[in-house]
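A.B. asks: Encoded as structure tokens, here's the structure I'll be asking about.
The values are calculated or read from the model by the stated rules, or taken from the named source; none is laboratory data. None of the values given here were measured: they were computed from a predicted structure. Counting neighbours? That spans all protein chains shown, and the Cβs are built from the backbone with ideal geometry, glycine included.
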Amino acid sequence: MRKLIIIPAYNEESNIVKTVTAIQKNAKEFDYVIINDCSTDRTRQICEEKKYNIVNLPINLGIGGAVQTGYKYAMEHSYDVAVQVDGDGQHDPEFLNIMAEYLLDHELDMVIGSRFIEREGFQSSKLRRIGIIFFSKLIKILTRVEITDPTSGLRMVGKNVISLFAQDYPRDYPEPESVVAVIRRNMRVEEIPVVMKEREGGVSSISMKKSVYYMIKVTLAILIERIRKY
């Protein structure tokens, strides 16, 4: 069983070493690939100096394009399982083996690490929690599946979803939309509780100014995904 960690990274010079070190310590059964999304800081230099496994994108594709590159890498290298772990240090690799066991034992296509099942660790900002609740309710209405943490980037998938995401993956703020895409194809998605950490450095891709755009864009994307024909 070959398992890959996809690490999208944009200007994560202050976090990337901690992220890879934690993976090497707590997720030894996993390979990893860093997708450097044309960072303008020292992210690429640090990774190359430390001989990390890295793919350097020639232009900035955004989070969706970076993650999709990781899924293309996973498919081309015949991985059975792939999981996204953000380069900002918020995702704890200690949960990856638990997620992999749950994915395989329950014969799932995707397992999401949710911070809102047991409500331990960093719970995100109040404004973002409002958005998360909204998307959770919207997904429940449209799919009849309850996802408590639809914006969680900590998602582990099997071969079917690797193939799907390698071919088609949302560009901006992809997590809620991509979850709906998986559910709509009658694939099995469940959540397990995890503990997430607060970002220790770097800058989030979602600023206050982008919040309104984020809500409108993702809502429309989810609605369009719901009515798409395959």
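A.B. asks: If I filter the range 34-45 for residues that are of a type in the set (A, V, I, L, M), over 15 Å from S152 (Cβ atoms) and surrounded by fewer than 22 Cβ atoms within 10 Å (Cβ to Cβ), do I get at least one hit? I'd like the intermediate steps shown before the answer.
C.D. replies: Taking the range 34-45 and keeping what is of a type in the set (A, V, I, L, M), we get 34-35.
Checking the rest, the ones that are also over 15 Å from S152 (Cβ atoms) come to 34-35.
With the extra rule that they be surrounded by fewer than 22 Cβ atoms within 10 Å (Cβ to Cβ), the set shrinks to none.
Scanning the range 34-45 turns up no residue that is of a type in the set (A, V, I, L, M), over 15 Å from S152 (Cβ atoms) and surrounded by fewer than 22 Cβ atoms within 10 Å (Cβ to Cβ).
A.B. asks: Going by the structure shown, is Q24 of a type in the set (S, T, N, Q), under 24 Å from M1 (Cβ atoms) and loosely packed, with under 14 Cβ neighbours inside 10 Å?
C.D. replies: So Q24 passes the test.
A.B. asks: If a residue has to be charged (D, E, K, R) and either touching a His at 6+ places or on another chain (Cβ under 8 Å) or farther than 16 Å from I5 by Cβ (or both) to count, how many in the range 51-75 make the cut?
C.D. replies: So the answer is 1.
A.B. asks: How many residues does the range 156-168 contain that are crowded, with 17+ Cβ neighbours inside 10 Å and either of a type in the set (A, V, I, L, M, F, W, C) or at pLDDT below 95 (or both)?
C.D. replies: 7
A.B. asks: When you go through F95, F135 one by one, which is the residue that is under 22 Å from K217 (Cβ atoms) and crowded, with 19+ Cβ neighbours inside 10 Å? Step through it out loud before you land on a result.
C.D. replies: Details: F95 fails: under 22 Å from K217 (Cβ atoms).
Result of the check over F95, F135: F135.
A.B. asks: Sticking with this structure for a sec: From the residues in the range 184-218 that are among the aliphatic types (A, V, I, L, M) and at pLDDT 95 or above, which one is surrounded by the fewest Cβ atoms within 10 Å (Cβ to Cβ)?
C.D. replies: First pass over the range 184-218, keeping only residues among the aliphatic types (A, V, I, L, M): 187, 189, 192, 194-196, 203, 206, 208, 212, 215-216, 218.
Restricting the remaining residues to those that are at pLDDT 95 or above gives 187, 189, 192.
Working: M187: 16, V189: 19, I192: 19.
Among those that are among the aliphatic types (A, V, I, L, M) and at pLDDT 95 or above, it is M187.
A.B. asks: Has the range 62-73 got at least one residue that is loosely packed, with under 14 Cβ neighbours inside 10 Å and in contact with an Asp or Glu (Cβ under 8 Å, 6 or more places away or on another chain)?
C.D. replies: Scanning the range 62-73 turns up no residue that is loosely packed, with under 14 Cβ neighbours inside 10 Å and in contact with an Asp or Glu (Cβ under 8 Å, 6 or more places away or on another chain).
A.B. asks: Assuming Y173 fulfils every condition listed in (1) modelled with pLDDT under 90; (2) of a type in the set (S, T, Y); (3) out of contact with any Phe, Trp or Tyr (no Cβ under 7 Å at 6 or more places or on another chain); (4) surrounded by 14 or more Cβ atoms within 10 Å (Cβ to Cβ) apart from one, which condition is it?
C.D. replies: (3) is the only condition that Y173 fails.
A.B. asks: Is it the case that some residue within the range 16-23 is among the polar types (S, T, N, Q) and over 23 Å from E94 (Cα atoms)? Can you show your working first?
C.D. replies: Of the residues in the range 16-23, the ones among the polar types (S, T, N, Q) are 19, 21.
Now narrow it down to the ones that are over 23 Å from E94 (Cα atoms): none.
No, the range 16-23 contains no residue that is among the polar types (S, T, N, Q) and over 23 Å from E94 (Cα atoms).
A.B. asks: Here is a further query. Which residues, taken from the range 1-41, are assigned to a helix (DSSP H, G or I) and in contact with a helix residue (DSSP H, G or I) (Cβ under 7 Å, 6 or more places away or on another chain)?
C.D. replies: I16, V17, A22, I23, N26
A.B. asks: Another one. Need at least 2 residues that are over 15 Å from D31 (Cα atoms), more than 15 Å from the chain's Cα centre (by Cα) and of a type in the set (S, T, N, Q) per element, so show me which helices (runs of 4 or more DSSP H) inside the range 42-125 make the cut, counting only ones lying wholly within it.
C.D. replies: Numbers: elements: 43-49, 62-76, 96-105.
In the range 42-125, 43-49 are the helices (runs of 4 or more DSSP H) which contain 2 or more residues that are over 15 Å from D31 (Cα atoms), more than 15 Å from the chain's Cα centre (by Cα) and of a type in the set (S, T, N, Q).
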